[in-house]
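Undergrad: Next up is a structure, given as structure tokens.
The values are calculated or read from the model by the stated rules, or taken from the named source; none is laboratory data. What you see is a predicted model, and the numbers here were worked out from it, not measured in a lab. Cβ coordinates were reconstructed from backbone atoms using ideal geometry, including for glycine residues, and neighbour counts include every protein chain displayed. Just the protein is used for accessible areas: all its heavy atoms, side chains included, with ligands, DNA and RNA removed. Shrake-Rupley method; radii C 1.70, N 1.55, O 1.52, S 1.80 Å.
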Amino acid sequence: MLRVTSLLALALALSTGCASYAPPVRSPTYGAPGRLRQGDLEIAGGGAGAIAPVGAYAGWLAYGVRDWASVELGVDGSRNGWAMGFLGGRFTHAPKRERKLHGALDGEVGVGMGAGGNDHCDAQETRCSQRKWNQRVAFGSYLGGGAGYHFSWFALYARGRIQQTVSDGLPATVWGTLHGGLQFRIARTVDLFAGTGLSGFFTAQSPNSYFWSSDAGISVHFDVRGRRGKSQARRGVRLRM
């Protein structure tokens with residue numbers, strides 16, 4: 001009971017700004033690995049936060065350069081907290097994705113830059129900064145990975161991500177997330193995902209801080225080159241011959 005109470009207290013402290021930290025580069029996780037193939041374009045977005053998927057939001061575009069590699073460009077932000085842009089790559093191992101039942105692994109790496117962060121200030125402090133979040137230049141990087149198993153129209157997955165960020169006038173911050181979740185596919189082009197687990201951050205000026213978090217998002221992806229349909233048609237012709 002004490003642990004649950006402490007987690008709720010920390011979540012409340014974060015939402016009211018009673019902590020000093022540089023902002024994360026990316027807040028929502030990605031969902032299950034293995035969504036994109038070569039030539040696919042993805043438009044996606046989601047929200048993340050403590051206890052419920054509210055508080056921080058992100059949107060991104062991704063393009064499948066190869067079946068195993070894609071690039072991602074997006075933005076992440078929180079009202080009165082931060083606004084970050086990010087650029088990254090995702091590397092996927094899913095050799096049996098043509099089957100209805102198959103596993104998939106991926107790794108992600110990227111960098112981000114923007115503005116934001118929070119400077120703790122309470123009644124006991126005789127001096128505190130009056131700078132707003134948008135007056136603090138911030139940048140950082142992230143590294144993560146995921147594992148999932150696809151059952152035709154839905155998938156189970158687990159993801160982890162670590163981020164290191166700095167912001168002007170704030171302590172360097174390390175963020176960590178470990179989530180598990182579900183993803184559902186609609187009409188082969190839309191995926192809905194939602195997950196929950198532990199998140200936390202660490203700075204040199206404070207002890208480790210962990211809290212329960214969750215996120216949810218949507219992905220719309222389609223083959224912009226049309227190569228997949230043509231290659232499948234050619235295979236069909238060869239088989240008939």
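Undergrad: How many residues, within segment 58-80, are modelled with pLDDT under 95 and buried (at least 20 other Cβ atoms within 10 Å of the Cβ)?
TA: 1
Undergrad: When you check Gly195 against the structure, is it modelled with pLDDT of 95 or more and either among the small types (Gly, Ala, Ser) or in contact with a His (Cβ under 9 Å, 6 or more places away or on another chain) (or both), yes or no?
TA: On the way: modelled with pLDDT of 95 or more: yes; either among the small types (Gly, Ala, Ser) or in contact with a His (Cβ under 9 Å, 6 or more places away or on another chain) (or both): yes.
So Gly195 passes the test.
Undergrad: If the requirement is being among the small types (Gly, Ala, Ser), under 18 Å from Ser206 (Cβ atoms) and at pLDDT 95 or above, which of these qualifies: Ala115, Ala138, Ala104, Ala147? Lay out the reasoning, then the answer.
TA: Values: Ala115 fails: under 18 Å from Ser206 (Cβ atoms); Ala104 fails: under 18 Å from Ser206 (Cβ atoms); Ala147 fails: under 18 Å from Ser206 (Cβ atoms).
Within the list Ala115, Ala138, Ala104, Ala147, the selection yields Ala138.
Undergrad: Filter segment 167-210 down to the residues that are polar (S, T, N, Q), part of a strand (DSSP E or B) and either open to solvent by less than 50 Å² (accessible area, probe 1.4 Å) or touching a Pro at 6+ places or on another chain (Cβ under 7 Å) (or both) and list them by number.
TA: Filtering segment 167-210 for residues polar (S, T, N, Q) gives 167, 173, 177, 183, 189, 196, 199, 203, 205-206, 208-209.
From what's left, part of a strand (DSSP E or B): 167, 173, 177, 183, 196, 199, 203, 206, 208-209.
Once the filter is applied, which keeps residues that are polar (S, T, N, Q), part of a strand (DSSP E or B) and either open to solvent by less than 50 Å² (accessible area, probe 1.4 Å) or touching a Pro at 6+ places or on another chain (Cβ under 7 Å) (or both), segment 167-210 yields Ser167, Thr173, Thr177, Gln183, Ser199, Thr203, Ser206, Ser209.
Undergrad: Return yes when Arg188 is of a type in the set (Lys, Arg) and in contact (Cβ under 8 Å) with a residue 12 or more places away in the chain and no when it is not. Walk me through how you get there before you give the answer.
TA: Working: of a type in the set (Lys, Arg): yes; in contact (Cβ under 8 Å) with a residue 12 or more places away in the chain: no.
Against the criterion (of a type in the set (Lys, Arg) and in contact (Cβ under 8 Å) with a residue 12 or more places away in the chain), Arg188 does not qualify.
Undergrad: Among the residues of segment 142-163, count how many are within 24 Å of His120 (Cβ to Cβ) and surrounded by fewer than 16 Cβ atoms within 10 Å (Cβ to Cβ).
TA: Residues meeting the conditions: 1.
Undergrad: Mind listing just one residue for me: the one in segment 7-42 that is over 20 Å from Tyr142 (Cβ atoms) and either assigned to a strand (DSSP E or B) or of a type in the set (S, T, N, Q) (or both) and, of those, modelled with the lowest pLDDT?
TA: Thr16
Undergrad: If you don't mind, there's one more thing I want to ask. Output the number of the condition that Ile51 fails; it satisfies all remaining conditions of (1) open to solvent by less than 50 Å² (accessible area, probe 1.4 Å); (2) modelled with pLDDT under 95; (3) of a type in the set (Val, Ile, Thr).
TA: All conditions pass for Ile51, except number (1).
Undergrad: Suppose we filter Ser213, Ser219 for residues that are crowded, with 16+ Cβ neighbours inside 10 Å, at pLDDT 90 or above and more than 22 Å from Val190 (Cα to Cα); which single one remains?
TA: Numbers: Ser219 fails: more than 22 Å from Val190 (Cα to Cα).
Residue meeting the stated conditions: Ser213.
Undergrad: When you look at Gly88, is it crowded, with 22+ Cβ neighbours inside 10 Å and modelled with pLDDT of 95 or more, yes or no?
TA: On the way: crowded, with 22+ Cβ neighbours inside 10 Å: yes; modelled with pLDDT of 95 or more: yes.
Yes; evaluated as a whole, the condition is true for this residue.
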